1. Name the helices (runs of 4 or more DSSP H) wholly within segment 1-110 that hold at least 3 residues that are within 28 Å of residue 275 (Cα to Cα) and assigned by TED's automatic domain parsing to the domain that holds residue 151?
2. Give the number of residues within segment 257-300 that are assigned to a loop (DSSP other than H, G, I, E, B) and either of a type outside the set (A, V, I, L, M, F, W, C) or closer than 13 Å to residue 324 by Cα (or both).
3. When the residues of segment 185-241 are filtered to those that are farther than 30 Å from residue 41 by Cα and in contact with a Gly (Cβ under 8 Å, 6 or more places away or on another chain), which remaining residue is modelled with the lowest pLDDT?
4. Restricting attention to segment 311-344, which residues are touching a residue at least 24 places away in the same chain (Cβ under 8 Å) and within 31 Å of the chain's Cα centre (by Cα)?
5. Among the residues of segment 298-322, write down those that are buried (at least 17 other Cβ atoms within 10 Å of the Cβ) and among the aliphatic types (A, V, I, L, M).
6. Is it true that residue 240 is β-branched (Val, Ile, Thr), within 22 Å of the chain's Cα centre (by Cα) and not assigned by TED's automatic domain parsing to the domain that holds residue 137?
7. With the checklist (1) surrounded by 19 or more Cβ atoms within 10 Å (Cβ to Cβ); (2) farther than 23 Å from residue 193 by Cβ in hand, flag the one item residue 65 doesn't pass.
8. Do you know which residues across segment 291-310 are free of Cβ contacts under 8 Å to residues at least 60 places away in the same chain and closer than 24 Å to residue 247 by Cα?
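The values are calculated or read from the model by the stated rules, or taken from the named source; none is laboratory data. None of the values given here were measured: they were computed from a predicted structure. Glycine gets a Cβ as well: all are built from the backbone with ideal geometry, and neighbour counts include every protein chain shown.
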Amino acid sequence: MLAETDLMIRGALLGVCFLCFILLWSNGRTRAKSYSLGAIALCLTASMAVEQGMGTVWSADARAVAFVLGHFMPLALSWFVLDVFMEAAERRRSGLPLFCLAGLVTALCFAPPQLGGVQVALNLLLYAGLLWVVVTTAEGDLVEHRRSFRVVFVSAIAVFGVSKTLLDVSLADALRPDWYGTAHAVALLAFAIVFAHWALRPGSDIWTEEKPRPKPQTGDLRLVDKPALDRIETAMRDEIWRREGLTIGAMAEELGLPEHRLRKAINRDLGFRNFASFVNGYRIDAAKAALAAPERSGQTVLEIAYECGFASLAPFNKAFRTVTGQTPTDYRRTCLKEYASISA
């Protein structure tokens with residue numbers, strides 16, 4: 001009876017995962033971000049196939065393929081988390097270290113058993129890194145129901161992911177109760193259902209990339225918060241963006257607006273999904289003008305970074321490269337060379 005129940009639960013789990021993937025893939029607006037979910041579903045299918053209740057009906061070759069695919073779950077999970085909770089610019093800045101760590105965890109899955117302890121430690125470190133990314137990027141996230149789902153996701157990773165890793169290490173295969181694999185599948189199914197409800201809700205825009213748009217005009221038929229937009233425009237014209245460490249909470253207080261109203265205006269009416277990218281757009285424009293000005297060639301890049309509101313050189317370089325594809329130094333060199341050739 002337990003084996004049949006286990007099989008049904010695992011089938012339901014995989015069905016929910018692949019259904020989410022197919023629905024997102026079939027929509028042109030969400031297709032680009034559906035592939036990470038497809039990778040999760042494929043790796044999950046493989047890992048389910050070699051666990052309790054399913055592996056025995058597969059051929060040896062099929063089980064070998066499933067065994068290999070299942071070990072790529074750390075990479076798939078990292079891709080999925082970065083895709084869901086971060087915008088493209090953030091992924092380019094912060095994604096590489098996590099992917100490298102996930103790749104190392106995956107590689108150690110094929111290492112000799114003596115390195116099992118190292119693999120477990122790095123796996124826990126990867127979970128910690130994913131949690132850190134989800135938590136630390138929450139403040140600037142302007143997509144409201146994605147912000148609310150972070151709590152559910154963090155709880156699931158912290159409780160389920162970490163606890164299962166520790167249990168797998170502490171309990172040898174022979175000591176695990178018959179229901180251990182089924183309980184694992186039930187927990188995953190519960191999370192998959194919650195995720196599907198959240199991800200596929202009508203009107204959800206969490207799967208699209210950021211596309212900033214100009215301030216709506218008076219004749220725009222969309223419902224916009226024009227008073228809030230006017231206050232935002234005034235504040236940005238007064239260069240509030242030059243303040244180092246500016247947060248959306250501080251800006252809301254400065255403008256005399258509730259924070260949720262400011263978030264909605266920047267997200268819904270201006271098209272930004274992340275507060276940092278909204279503010280950095282003004283900062284990088286100012287930095288480009290300063291770097292291109294011949295009369296400011298004696299000013300250091302660090303001084304310009306401070307002037308534009310960046311706390312240090314590293315985040316300035318990353319943000320500048322994300323927008324322009326060049327380092328500030330290279331951008332300045334190119335602009336000054338062009339100016340010199342024109343003046344000659």
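1. By residue number, 34-49, 73-85, 88-108.
2. Within segment 257-300, residues that are assigned to a loop (DSSP other than H, G, I, E, B) and either of a type outside the set (A, V, I, L, M, F, W, C) or closer than 13 Å to residue 324 by Cα (or both) number 7.
3. Per the criteria, the residue is 213.
4. Hits for segment 311-344 are 311, 316, 318, 319, 320, 322, 323, 324, 328, 329, 331.
5. 301, 304, 305, 319
6. So residue 240 fails the test.
7. If we test residue 65 against (1) surrounded by 19 or more Cβ atoms within 10 Å (Cβ to Cβ); (2) farther than 23 Å from residue 193 by Cβ, just (1) comes out false.
8. 301, 302, 303, 304, 305
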